There are 2 protein chains.
Amino acid sequence: MKNFYNNYIQRIFNHWIDEYQGNVRLGLKGRILLEEKTKFQKITIFKSNHYGNALLLDNCWMTAELQEKQYHECLVHPALCSAEKLDNVLIIGGGDGGTARECLKYDELEKIDLIEIDRRVIELSKQYLYKIGGESWNDKRLNIQIKDGISWVKNTTNNYYDAIIIDSSDPKGPAKGLFNKEFYENCYRILKPSGVFSAQTESPETFEKIHLDTIKMIRNIFKYADPLYGSVPLYPSGWWSWTFASIEKPRYKYPNLSRANKISKTCEIWSPKWQKGSFEALPANLERKLQK
Amino acid sequence: MKNFYNNYIQRIFNHWIDEYQGNVRLGLKGRILLEEKTKFQKITIFKSNHYGNALLLDNCWMTAELQEKQYHECLVHPALCSAEKLDNVLIIGGGDGGTARECLKYDELEKIDLIEIDRRVIELSKQYLYKIGGESWNDKRLNIQIKDGISWVKNTTNNYYDAIIIDSSDPKGPAKGLFNKEFYENCYRILKPSGVFSAQTESPETFEKIHLDTIKMIRNIFKYADPLYGSVPLYPSGWWSWTFASIEKPRYKYPNLSRANKISKTCEIWSPKWQKGSFEALPANLERKLQK
């Protein structure tokens, strides 16, 4: 009876949902539209008053209709603007559709393989967060596979992708295996020598150790790897990072300007100038820790 | 009786305190050490489990022992590293001592006038947040005046300060008059032509209009003014801004490297490289809105 009552309250009346990270919490007010457990995780769809419909996985904020561009633009464009070609792009995760949407802005892009482990994330994103993926869901260049990203990279032939984008949740549950050496080694193997790799690499404050270890691991494998820092108000501490890697040279530092100019008007945060400045703007203590 | 009980709970047991900004909240767990109303505002000292002792003014997070460098370094060093001289520095607000501490790292600095309106902010910061101000409180170069900053700038003679730093709370209550034309015009008048002005200019997300209007107002008065963006996890949205202004040229873009090198090892975020990159890394939509 108590559960029934709680459920009723949560679906009818406004209330707060918080993501807890130890002794810090970030809450949004609104109401729950749907909650379900899949084989992989708990999915919550929340209608927030501030950011529109939002997605939580295992009680952590993942994305929201009105607070997602800061994350998706920063993950995608530094990679896609600087890879030599855009014939084949791989997205691991990204079931909300935002990463695919940013990739599909490039006319010259031929094909995206989007590998999402949980079918329900895609189905519910299409239904409740349609503003994020939008027409991208119908783009014929988008090949969605409901599969495990770890196996996918293991089973792909060498030098296949022009860009690889890891759009994962935090390193626990289904995303745990996306933060380890074997996985990155496979990404390196299947990336073309002129390609660019990109991954979300967590908060340098809330998850400092994972953040630093991950960058160092990627750098060891790819030779060139550097983080970018930015703000994602929905995520723990609001201070977020993405790491870019390449093989022949630090290609991600040199966006192709004619390609960039075609899409920069559509962006809220990213621009080639923002990208250049952000790679310079390395916080002093992180710069020191990454040199160790 | 209920109040007594609540008070007891809040001082003895861990509980959450949140800053509310409409339908978003940021909470820390811990317990209240002290709460009092002054003539100007409500002051709360909170022992947070995550960030150490923290200060709230009128229920908004102001600073915390372990989460303040990101704010103070970014407010101070781009100004103090690029002003021609450092004979006289003015801080308006800054009662927690963090801004003064960063300023006093410069040996060549001769004198700081710190103008704080609320005596109790300083007294309680010395008592509960001593880690922030530390030995700066005893530095003979620091001249503390418990006065209204608006009158102070009005009554100062022309071309007096080498750097002016506005370390205010949000534009309401006692800080309201620090976000208007007359105040900035007086700052312009009392700044030396070779000096640099600096102000915290709010979150570009939570307070977008105030943020943009303030930068434009400062730019109109000083001729040269540009914002820097960074992360302050304790503040609304975690995405924060500081605006720097100067008269003869955009002096704040060119830190004096020999001066910078003397202090950069003591900093967690700021470095001359970070400063240069951050002025470039202007988010695309804010760049467009600031050009209008």
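The values are calculated or read from the model by the stated rules, or taken from the named source; none is laboratory data. Note that the coordinates shown come from a computational prediction; the quantities given were computed from them, not determined experimentally. Backbone-built Cβ (ideal geometry, glycine too); neighbour counts: all protein chains shown.
Which residue out of A:Lys126, A:Lys131 is farther than 19 Å from A:Asp58 by Cβ, assigned to a helix (DSSP H, G or I) and in contact with an Asp or Glu (Cβ under 9 Å, 6 or more places away or on another chain)?
Criteria check complete, one pass: A:Lys131.
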Which one of these does A:Glu268 not meet: (1) touching a residue at least 24 places away in the same chain (Cβ under 8 Å); (2) touching a Gly at 6+ places or on another chain (Cβ under 7 Å); (3) at the interface with another protein chain (Cβ under 7 Å from one of its Cβ atoms)? (2)
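The rows are residues; the columns are (1) in contact (Cβ under 8 Å) with a residue 40 or more places away in the chain; (2) of a type outside the set (A, V, I, L, M, F, W, C); (3) within 27 Å of B:Pro283 (Cβ to Cβ); (4) crowded, with 24+ Cβ neighbours inside 10 Å.
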site	(1), (2), (3), (4)
A:Lys69	yes, yes, yes, no
A:Glu73	yes, yes, yes, yes
A:Leu90	yes, no, no, yes
A:Gly94	yes, yes, yes, yes
A:Thr99	yes, yes, yes, yes
Residue check, B:Thr214 against (1) part of a loop (DSSP other than H, G, I, E, B); (2) under 16 Å from the mean Cα position of the chain (by Cα), all met but one. Which one? (1)
Based on what the data block shows, is B:Thr44 hydroxyl-bearing (Ser, Thr, Tyr), without any contact (Cβ under 8 Å) to a residue 60 or more places away in the chain and either touching a Phe, Trp or Tyr at 6+ places or on another chain (Cβ under 7 Å) or within 18 Å of B:Gly95 (Cα to Cα) (or both)? yes
Which condition breaks for B:Ile32 when tested against (1) surrounded by 15 or more Cβ atoms within 10 Å (Cβ to Cβ); (2) within 11 Å of chain A (Cβ to nearest Cβ)? (2)
Members of the stretch A:227-258 that are away from chain B (no Cβ under 12 Å) and part of a strand (DSSP E or B): A:Pro227, A:Trp242, A:Thr243, A:Phe244, A:Ala245, A:Ser246
Residues that are surrounded by fewer than 19 Cβ atoms within 10 Å (Cβ to Cβ) and either part of a strand (DSSP E or B) or within 14 Å of chain A (Cβ to nearest Cβ) (or both), drawn from the stretch B:181-204: B:Pro193, B:Ser194
Can you run down the residue pairs with Cβ atoms below 8 Å, 6 or more apart or on separate chains, where the first is in the stretch B:155-174 and under 18 Å from B:Arg251 (Cα atoms) and assigned by TED's automatic domain parsing to the domain that holds B:His77 and the partner is in a strand (DSSP E or B) and of a type in the set (Lys, Arg)? B:Asn159/B:Lys192; B:Tyr160/B:Lys192; B:Tyr161/B:Lys192; B:Asp162/B:Lys192
Elements of type strands (runs of 3 or more DSSP E) in the stretch B:1-88, at least 3 residues being aliphatic (A, V, I, L, M): B:24-37, B:52-57
A careful count of residues in the stretch A:107-118 that are surrounded by fewer than 16 Cβ atoms within 10 Å (Cβ to Cβ) and in contact (Cβ under 8 Å) with a residue 60 or more places away in the chain gives 2
Single residue of the stretch B:140-150 satisfying the filter (more than 15 Å from B:Asn88 (Cβ to Cβ) and charged (D, E, K, R)) that is surrounded by the most Cβ atoms within 10 Å (Cβ to Cβ): B:Asp148
With the structure loaded, tell me whether A:Tyr224 is in contact (Cβ under 8 Å) with a residue 40 or more places away in the chain, hydroxyl-bearing (Ser, Thr, Tyr) and in the same structural domain as A:Leu80 (by TED's automatic domain parsing) or whether it fails that test. no
When residues of the stretch B:158-177 are filtered for being under 14 Å from the mean Cα position of the chain (by Cα) and not small (Gly, Ala, Ser), how many remain? 6
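I'd like the residue in the stretch A:8-28 that is aliphatic (A, V, I, L, M) and within 16 Å of A:Leu56 (Cβ to Cβ) and, out of all such residues, is farthest from the other protein chains (Cβ to nearest Cβ). Walk me through it before giving the result.
Our first condition is that a residue be aliphatic (A, V, I, L, M); within the stretch A:8-28, this holds for A:9, A:12, A:17, A:24, A:26, A:28.
Next cut, within 16 Å of A:Leu56 (Cβ to Cβ) only: A:17, A:26, A:28.
On the way: A:Ile17: 11, A:Leu26: 6, A:Leu28: 6 Å.
Looking at the filtered set, the residue picked out is A:Ile17.
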